[in-house]
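The values are calculated or read from the model by the stated rules, or taken from the named source; none is laboratory data. Not measured: the values here are computed from a predicted model. FYI the Cβ positions are ideal-geometry reconstructions off the backbone, even for glycines, and counts take in every protein chain you see.
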Amino acid sequence: MTLATRPGAIRQHAFRGADVAGDIRQKYGFDGDLLRIFAANKGEVVHKWHHYIPIYDRYFARYRGTPVRFLEIGVSKGGSLRMWREYFGPDAVLFGIDIDPDCARFDGQAGQVRIGSQDDPAFLAGVVAEMGGVDVVLDDGSHVMAHVRASLAALFPVLATGGLYMIEDLHTAYWKNWGGGYGMPANVFGDLAKIIDDMHRPYHGHADRMPGVGPFVSGVHVHDSIIVLEKDAVFAPVHSRVG
Ligand SMILES: C[S@@+](CC[C@H](N)C(=O)[O-])C[C@H]1O[C@@H](n2cnc3c(N)ncnc32)[C@H](O)[C@@H]1O
């Protein structure tokens, strides 16, 4: 296997063209504000896969112009928080967390930045308390399987009803160095089967497989490298014959 095709080398997928916006527009038929904000960025670096831009807009558009409480795990160069500020507007409560103390320099710019690890439940609880609750979580942190799971277990139970939990860059679920692997039990995509089982408990009666998460999930979406979990009121299912 050459370096160019070695799993785990994301360099091979780097866009080599000059027109980022044109590429996204042409491939995905998307031409919304987020495309402009991302592609025209001249400030701090934001690093996103092209196909994420329309996916973000599909799920996040309804929160624009609202006081949405948005938490991004992974601040890095600070560019994504700036992008989210421009996208969601001045009323959004934007927080970013990162393990890298250097990211503290972005605190108070586009949003608030707190330093700690995404696998530390006490740290996460403190951040959510400071935010006054959380409506949307975007996990763009380490992408290590154990960390992704720890954040989900800590944050999904406190996610507001009507909220969204998005995890990106899950190609790492197939990579050993991130704790994943093709067909391996540690691969977080395998957790979706557990969540789906919990969503259907009224029909099989077995104990929850992901307590705190599965029973409260109202919808699951999978895109290339992205999982979206919707949290909404879940009612005992009923049916009617009408007419
Ligand atoms: C992919 S970058 C984030 C990119 C940024 N959101 C963007 O769109 O430009 C991942 C970030 O996660 C941080 N990180 C790694 N391990 C972490 C952990 N255990 N807890 C919190 N952040 C972590 C890294 O320091 C890095 O800045």
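Summary of computed values
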read-out	value
Ile195 modelled with pLDDT of 95 or more, part of a helix (DSSP H, G or I) and aliphatic (A, V, I, L, M)	yes
Any chance Ser76 is within 13 Å of Glu44 (Cα to Cα), in contact (Cβ under 8 Å) with a residue 24 or more places away in the chain and within 8 Å of the ligand (Cβ to nearest atom)	yes
Residue satisfying all of: in segment 214-243; touching a strand residue (DSSP E or B) at 6+ places or on another chain (Cβ under 9 Å) and over 21 Å from Asp57 (Cβ atoms); surrounded by the most Cβ atoms within 10 Å (Cβ to Cβ) among these	Phe216
Residue within segment 163-172 that is more than 28 Å from Tyr28 (Cβ to Cβ) and surrounded by 14 or more Cβ atoms within 10 Å (Cβ to Cβ) present	no
Tally of residues being within 19 Å of Asp224 (Cα to Cα), more than 11 Å from the ligand (Cβ to nearest atom) and in a loop (DSSP other than H, G, I, E, B) across segment 35-50	1
Sole residue being under 24 Å from His171 (Cβ atoms) and either near the ligand (Cβ under 10 Å from one of its atoms) or out of contact with any helix residue (DSSP H, G or I) (no Cβ under 9 Å at 6 or more places or on another chain) (or both), chosen from Ile99, Ile53, Ile115	Ile99
Positions within segment 66-89 being over 21 Å from Gly116 (Cβ atoms) and in contact with a helix residue (DSSP H, G or I) (Cβ under 7 Å, 6 or more places away or on another chain), in sequence order	Val68, Met83, Glu86, Tyr87, Phe88
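Condition check ((1) surrounded by fewer than 17 Cβ atoms within 10 Å (Cβ to Cβ); (2) within 13 Å of the chain's Cα centre (by Cα); (3) among the hydrophobic types (A, V, I, L, M, F, W, C); (4) closer than 24 Å to Val188 by Cβ) across all residues:
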{"residue": "Ile55", "(1), (2), (3), (4)": "no, yes, yes, yes"}
{"residue": "Phe60", "(1), (2), (3), (4)": "no, yes, yes, yes"}
{"residue": "Gly78", "(1), (2), (3), (4)": "no, no, no, no"}
{"residue": "Pro121", "(1), (2), (3), (4)": "yes, no, no, yes"}
{"residue": "Val127", "(1), (2), (3), (4)": "no, no, yes, yes"}
{"residue": "Val136", "(1), (2), (3), (4)": "no, yes, yes, yes"}
{"residue": "Asp140", "(1), (2), (3), (4)": "no, yes, no, yes"}
{"residue": "Val148", "(1), (2), (3), (4)": "no, yes, yes, yes"}
{"residue": "Ala153", "(1), (2), (3), (4)": "yes, no, yes, yes"}
